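Read through the structure below, which is laid out as structure tokens, and then see the notes.
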Amino acid sequence: MTKNTPYPHMLAPLHLKSFALKNRIIMGAMHTRLEQMPDGSARLAAFYAERARGGVGLIITGGHAPNEAGQLEPNGPILSDVSQLEDHEIVTKAVHKAGGRIALQILHAGRYGATLDIVAPCALRAPISPLTPRALETDEVEQTIKHFANCALLAQKAGYDGVEIMGSEGYLINQFTALRTNKRKDAWGGSTDNRQRFPVEIVKAIRAATGENFALIYRLSALELVPDGATGEEVITLAKKIEQAGADIISTGIGWHEARIPTIAYMVPRGAWSFAARRIKQAVSIPVVGANRLNTPETVEELLADESCDLAYLARPLLADPDFVNKAALHQRDEINVCIACNQACLDFIFKGRAATCLVNPRAGFEDELQIVPTKNPKRIAVIGGGAAGMAAASIAGARGHHVTLYETGDRLGGQLLLARNVPGKQEFDELLRYFNKQLAKGNVDVKTGVAVDAAWLQKQGFDELIIATGVTPRRIEIEGIEHSSLVPYPQILSGEKQAGERVAIIGAGGIGFDVADFLSSTTEDNEKPIDSFFKEWGVDTGLQSAGGLRTGSPTASPRHITLLQRTPGKAGRSLGFTTGWALMRGLKQRGVQILTGVEYKKIDNEGLHITLNGKKMTLPVDTLIICAGQQSVTTLHEDLQALGLSPHIIGGAAKASELDALRAISQGYRLALKL
Ligand code: NAP
Ligand code: SF4
């Protein structure tokens, strides 16, 4: 390593008993659902091999159950029999051929499973599951330990370089270690020692089965964030026992799935959980892996340099950019496609039963299908509209060697992303804007901002292809008094062009309505770091004195009285992301934002917003009324071009306003540009 090595801690090798890791980045386990697809092994092999070529030190697969009772769902990933080895060998061979290392994660879902016969230490239903598990008999506990060892042995036969035992996030092992879920009266429950016996015996059994020359990683629950979860002292006791039992590495997990504190979503500050890894690192002598919201090389480098951990666990950031490590090593930080922690195309897709991909990288999971192949027939292409869809289309077309001009009427590229970046936690969109700008420059795209083009002019230019990405405009709604002076369009609020008063009503509780409520209700006290205000708001005991690391949260109340309204009766927030919406809504509730559903809007005047709620007339006194009632496509240019007999492509919000979101916009732009 030379003096000029960027990120020297992150790029330093690490020697294990069985092999050397070429750097400190571990691709963390992530269930992709490719495992369950008919062509899953081939797609997984391509997916992991691309990340191995991208320079990652070690890859950990998504969780595989050691027996049927441990499966996450019927047909979920499992490794319990030699007949399953062939599929795994396709993956391990591909990764090794690409110069990488790969370990299999063994995950027993316990009461988080969704199969017919789910088991746990006790028959206690998880608050996030409709299913009550059956309590394991004592001999079944012993049998399950053998199944873990058998799974590890099979993994070794399949060519994996090691295994990771999933002991965190609230799965079976965690259900044994925590008082919350373990009320057993036999040798596997009661005292801390008894509750921790299950993971210790698993580690010993795997080590005995696989020998010394096989990496054994234990994912330890460093901070549980649930009532009656482990205390700080119990966490350290277990870490020491795991080391003694023969683990090579301790990776850290934060929060059970049933925890009501966000741990990886965009509102969690980068590197927030390093304190939990540091406590473990100080107590053991084997390497410790830090995890969650580590999405840039500088965040990782900082944690390694201050000795919070020895390695970093990155899962989503390697979906976003398989070449994360190589780019960092080659001084190309500005080319890294950074994960923005939106969860939209990875976790939210998985919960919807779809294979994981990535909002900022539509190629994730489609490595073989979506190849950026140089064109043999360079065309002159005009892209009109510099939002997410237009930037994606222009940059990929440019990368393929087309001659692309991108026209944007605003003075900057970004469209809706320029507004979204102002929402708390969504500053991560700046990374996406930086990435696109860099890719446009690399693809020699001629970017013209502050330029409005019309159909006749475009026709005269004789472009070979026209791509319309003119986006959306806020939907106008009809209510008596809609021209009242209290009314401010949401773009002017999010851009900071106009300030809201003390009493605010927001019409429309879709994604944008919630974001505007979040924007207007969030404050940080003077001199308080965002990370401290996050812990304070959500009630995280960073000293880990209390069980689960919980304390009473003390969120800063909203500086404004905010009411968010929708006409549809019932629960608000149904359109929000599955894995982020609950946290957004909880945050608003904690700050005192009021949500009214089943509302009928009557009129707006100097007294405020007049509504009917459950048949009762009422008036909300407001200083500022913000309309977030959805969007309409801007299609004039498209129609004008068609009227001239041209056949332009149309993508993003201009094609379908109801699904104006960056996920669809980027994917459409990307895929279209691959076909031209
Ligand atoms: P949206 O999600 O469609 O929400 C529009 C809201 O306006 C709805 O709550 C609707 O509720 C209300 N509305 C519709 N027509 C109305 C009318 N004529 N009068 C009064 N109210 C009306 O649209 P959006 O908020 O603009 O979001 C657009 C897209 O961006 C969505 O795909 C969204 O998922 C995405 N996005 C998501 C997030 C996030 O998940 N955090 C953030 C930003 C954007 P009622 O009809 O019940 O009144
Ligand atoms: Fe990250 Fe969002 Fe991509 Fe998931 S979809 S990997 S959270 S950028």
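The values are calculated or read from the model by the stated rules, or taken from the named source; none is laboratory data. All of these numbers come straight from a predicted model, not from anything done at the bench. Note that each Cβ is placed from the backbone with ideal geometry, even for glycine, and that neighbours are counted across all protein chains shown. All accessible areas refer to the heavy atoms of the entire protein, side chains included, with ligands and DNA or RNA removed. Shrake-Rupley method; radii C 1.70, N 1.55, O 1.52, S 1.80 Å.
For the range 585-661, no strands (runs of 3 or more DSSP E) sit wholly inside it while including 1 or more residues that are in the same structural domain as residue 466 (by TED's automatic domain parsing), touching a Gly at 6+ places or on another chain (Cβ under 7 Å) and more than 30 Å from residue 386 (Cα to Cα).
Within the range 575-616, the set of residues being open to solvent by 20 Å² or more (accessible area, probe 1.4 Å) and in contact with a His (Cβ under 6 Å, 6 or more places away or on another chain) comprises 602, 603. Restricting the range 126-165 to residues that are of a type in the set (S, T, N, Q) and farther than 19 Å from residue 202 by Cβ leaves a set whose member that is least open to solvent (accessible area, probe 1.4 Å) is 129. Evaluation of residue 180 against the conditions (1) in contact with a Cys (Cβ under 8 Å, 6 or more places away or on another chain); (2) open to solvent by 40 Å² or more (accessible area, probe 1.4 Å) shows that the sole unmet condition is (1). I need a count of the residues in the range 363-389 that are of a type in the set (Asp, Glu) and either surrounded by fewer than 18 Cβ atoms within 10 Å (Cβ to Cβ) or in the same structural domain as residue 470 (by TED's automatic domain parsing) (or both). Residues that pass the stated criteria total 2. Answer with yes or no whether residue 121 is open to solvent by less than 10 Å² (accessible area, probe 1.4 Å) and without any contact (Cβ under 8 Å) to a residue 40 or more places away in the chain. Spelling it out, it is not the case that residue 121 is open to solvent by less than 10 Å² (accessible area, probe 1.4 Å) and without any contact (Cβ under 8 Å) to a residue 40 or more places away in the chain.
For every residue, the table says whether it meets (1) under 18 Å from the mean Cα position of the chain (by Cα); (2) assigned to a helix (DSSP H, G or I); (3) within 18 Å of residue 360 (Cβ to Cβ).
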residue: 394; (1), (2), (3): no, yes, yes
residue: 401; (1), (2), (3): no, no, no
residue: 406; (1), (2), (3): no, no, no
residue: 430; (1), (2), (3): yes, yes, yes
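In the range 343-362, of all residues being open to solvent by 10 Å² or more (accessible area, probe 1.4 Å) and in contact with a Gly (Cβ under 7 Å, 6 or more places away or on another chain), the one that is farthest from ligand 2 (Cβ to nearest atom) corresponds to 355.
In the range 149-168, the condition of being closer than 30 Å to residue 10 by Cβ, of a type in the set (Ser, Thr, Tyr), in a loop (DSSP other than H, G, I, E, B) and touching a Phe, Trp or Tyr at 6+ places or on another chain (Cβ under 9 Å) is met by at least one residue.
Residue 558: crowded, with 19+ Cβ neighbours inside 10 Å, under 30 Å from the mean Cα position of the chain (by Cα) and in contact (Cβ under 8 Å) with a residue 12 or more places away in the chain, yes or no? Here the answer is yes, as residue 558 does meet what is asked. Restricted to helices (runs of 4 or more DSSP H) entirely inside the range 455-521, those with at least 1 residues that are more than 16 Å from ligand 2 (Cβ to nearest atom), of a type in the set (Gly, Ala, Ser) and in contact with a strand residue (DSSP E or B) (Cβ under 6 Å, 6 or more places away or on another chain) are 511-521. Of 244, 196, all but one fail to be polar (S, T, N, Q) and in contact with a Lys or Arg (Cβ under 9 Å, 6 or more places away or on another chain); the exception is 196. For the range 302-324, a residue qualifies if it is touching a residue at least 60 places away in the same chain (Cβ under 8 Å), among the aliphatic types (A, V, I, L, M) and either more than 16 Å from ligand 2 (Cβ to nearest atom) or under 17 Å from residue 439 (Cβ atoms) (or both), and the qualifying residues are 304, 305, 311. Do you know which of the residues in the range 611-645 that are touching a residue at least 12 places away in the same chain (Cβ under 8 Å) and among the charged types (D, E, K, R) is nearest to ligand 1 (Cβ to nearest atom)? Checked the range 611-645; the qualifying residue nearest to ligand 1 (Cβ to nearest atom) is 617.
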